[in-house]
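J.: This is the structure I have questions about; it appears just below.
The values are calculated or read from the model by the stated rules, or taken from the named source; none is laboratory data. Worth saying up front: this structure is predicted, and the values here are computed from it rather than measured. FYI the Cβ positions are ideal-geometry reconstructions off the backbone, even for glycines, and counts take in every protein chain you see. Only protein heavy atoms, including side chains, enter the accessible area calculation; ligands, DNA and RNA are left aside. Shrake-Rupley method; radii C 1.70, N 1.55, O 1.52, S 1.80 Å.
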Amino acid sequence: MIDITRSLPANWRAVRLRFVADLNPAAPPRNVLPDDEEVSFLPMEAIGEDGGLQLDLVRPASEVRASYSYFADGDVAFAKVTPCFENGKGALMRGLVGGVGFGTTELTVLRPRPGLHADYLRYYLSSSRFRGPGAGAMTGAGGLKRVPDEFTRNDLILLPPIAVQRFIASYLDKEIARIDALTEKKTRFIELLHEKRGALITQAVTRGLDPHAPMKDSGVELLGYVPASYTVTRLMHLTEYGRDIMYGIVLPGPDVEEGVPIVKGGNVKREQLNRVKLCRTTPEIEAPFARARLRPNDIVYSIRGSIGDAELVPEELLDANITQDVARVSPGPRVNPRWLLYFLKSRALFAQLDREATGATIRGINIFSLKRAVVAVPELAEQNQILRYLDSHCARIDRLSSAAKKSIELLRERRAALISAAVTGQIDLRAEQPTLEELEPA
């Protein structure tokens with residue numbers, strides 16, 4: 001590892017955090033913070049990966065004093081547990097009720113001493129200079145690894161004079177706000193593309209491509225009017241004979257190295273449907289569910305959690321199986337499998353299923369609802385025309401979306417690099433930076 005302290009600007013110094021900040025300060029006694037006083041309460045989900053805080057939760061001090069981490073306005077905290085630490089969760093505490101808060105015990109809290117600017121510390125703790133070694137120092141097993149307090153105490157923070165710290169923090173505030181605004185703009189653009197794609201698919205598979213075609217009432221409120229030449233039928237009548245719509249293995253057991261590949265709800269994505277990325281179950285567990293085995297050009301449909309994800313089964317997953325979170329739809333001779341895939345991804349079908357979805361935390365639909373979903377089916381020749389139209393237009397939308405996502409990745413990389421360079425003295429800010437005399441308060 002390169003010793004960056006050797007190349008610090010002349011007025012910078014490297015100092016251990018324990019000498020410039022108090023770690024995990026104790027909560028005030030009851031005569032200062034009474035038990036009935038309301039304080040801010042921050043569970044892990046209330047702390048953002050971009051330094052944001054959700055301050056809508058409050059608790060009486062008596063409920064949180066003994067079992068949660070304490071912090072106050074001006075303290076800087078970071079999540080010390082994986083994966084929250086690697087994802088950058090942390091914040092400068094501001095706007096707490098009464099200036100006081102308690103939160104998840106998976107926080108490390110630092111209270112800057114005189115000579116350390118809180119905003120500078122906030123940026124330092126989010127930088128790769130701190131996060132990289134911190135991730136390497138984690139102890140524990142599996143998903144319970146944590147950054148030890150000893151690492152934080154002994155970490156070498158690179159400090160310029162307090163006035164320069166203040167300037168760097170102000171500079172980063174402006175630059176990061178600009179980057180974040182661009183990221184938000186591109187994120188919204190992706191959302192609009194997604195909405196446009198969904199509307200395009202729904203329009204094409206339910207209304208066809210001929211705007212002058214005579215229409216008829218489908219008899220289904222959520223499907224509306226469809227071309228008069230279309231056949232309105234239940235999804236279960238469009239499947240291959242003897243291969244009904246069904247879900248698969250109820251309890252697949254632990255992943256085994258040599259076994260039958262299984263598609264779970266989270267695997268119903270194009271990049272996930274391959275033998276390398278799928279979990280496997282034993283032949284003994286899979287055998288009773290042989291009727292749910294997959295063939296190429298079957299459609300797998302997520303019926304639990306992320307309802308509505310659907311993909312075609314590739315050749316390499318012949319005789320793989322599915323879990324109870326996934327339904328298999330085997331297109332029959334009346335439909336082109338790829339056209340049916342578009343219909344299954346349309347809002348017209350999703351609306352029918354979502355109305356009957358169950359569950360508060362993890363929503364799901366039952367196979368009965370999927371089987372009875374109504375589909376408006378054109379002749380095969382028109383299905384193929386619609387398919388070509390959607391392939392062309394969706395490909396263009398997908399290219400725009402992919403480019404926007406790549407741009408967001410580059411912006412995030414730029415954001416991280418800018419912070420790390422600023423707090424290690426690697427950016428020459430002299431052209432923008434006033435003299436120290438101008439920075440110092442009068």
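J.: Looking only at segment 122-149, count every residue that is closer than 30 Å to PHE167 by Cα, open to solvent by less than 30 Å² (accessible area, probe 1.4 Å) and out of contact with any Gly (no Cβ under 8 Å at 6 or more places or on another chain) and tell me the total.
T.: Residues flagged as closer than 30 Å to PHE167 by Cα, open to solvent by less than 30 Å² (accessible area, probe 1.4 Å) and out of contact with any Gly (no Cβ under 8 Å at 6 or more places or on another chain) within segment 122-149 amount to 5.
J.: So which of LEU400, LEU380, LEU410, LEU349 ends up being over 30 Å from the mean Cα position of the chain (by Cα) and either within 18 Å of ARG197 (Cβ to Cβ) or open to solvent by 70 Å² or more (accessible area, probe 1.4 Å) (or both)?
T.: After applying the criteria, what remains is LEU380.
J.: Taking segment 194-242 on its own, how many of its residues are buried (at least 18 other Cβ atoms within 10 Å of the Cβ) and among the hydrophobic types (A, V, I, L, M, F, W, C)?
T.: Number satisfying all stated conditions: 7.
J.: Can you tell me which of (1) in contact with a Gly (Cβ under 8 Å, 6 or more places away or on another chain); (2) open to solvent by 20 Å² or more (accessible area, probe 1.4 Å) is the one PHE78 doesn't meet?
T.: Result: PHE78 fails condition (2) only.
J.: While we're here: Which members of segment 3-52 meet the condition of being farther than 26 Å from GLN426 by Cβ, open to solvent by 90 Å² or more (accessible area, probe 1.4 Å) and in a strand (DSSP E or B)?
T.: Listed by number, the list holds a single entry, GLU38.
J.: Among the listed residues THR233, THR183, identify the single one that is modelled with pLDDT of 95 or more, more than 29 Å from VAL375 (Cβ to Cβ) and polar (S, T, N, Q).
T.: Sole residue among the options that is modelled with pLDDT of 95 or more, more than 29 Å from VAL375 (Cβ to Cβ) and polar (S, T, N, Q): THR183.
J.: Next question. Just the residues that are surrounded by fewer than 17 Cβ atoms within 10 Å (Cβ to Cβ) and outside any helix (DSSP H, G or I), please, taken from segment 150-181.
T.: Those that are surrounded by fewer than 17 Cβ atoms within 10 Å (Cβ to Cβ) and outside any helix (DSSP H, G or I): LEU156, PRO161.
J.: Can you pull out every residue in segment 81-121 that is open to solvent by less than 10 Å² (accessible area, probe 1.4 Å) and assigned to a helix (DSSP H, G or I)?
T.: TYR120, LEU121
J.: Out of everything in segment 105-162 that is basic (Lys, Arg) and within 24 Å of ARG94 (Cα to Cα), what residue ends up being farthest from the chain's Cα centre (by Cα)?
T.: Looking at residues that are basic (Lys, Arg) and within 24 Å of ARG94 (Cα to Cα), I get ARG113.
J.: Now a separate question. Under 18 Å from ILE365 (Cβ atoms), touching a residue at least 60 places away in the same chain (Cβ under 8 Å), open to solvent by 40 Å² or more (accessible area, probe 1.4 Å) and outside any strand (DSSP E or B) - does that describe any residue in segment 253-272?
T.: So far as segment 253-272 goes, yes, one or more of its residues are under 18 Å from ILE365 (Cβ atoms), touching a residue at least 60 places away in the same chain (Cβ under 8 Å), open to solvent by 40 Å² or more (accessible area, probe 1.4 Å) and outside any strand (DSSP E or B).
J.: Looking only at segment 243-260, decide whether some residue is closer than 26 Å to VAL335 by Cβ, at pLDDT 95 or above and within 23 Å of the chain's Cα centre (by Cα).
T.: no
J.: Looking only at segment 393-431, which residues are within 28 Å of PHE189 (Cα to Cα) and small (Gly, Ala, Ser)?
T.: Selection gives ALA395, SER401, SER402, ALA403, ALA404, SER407, ALA416, ALA417.
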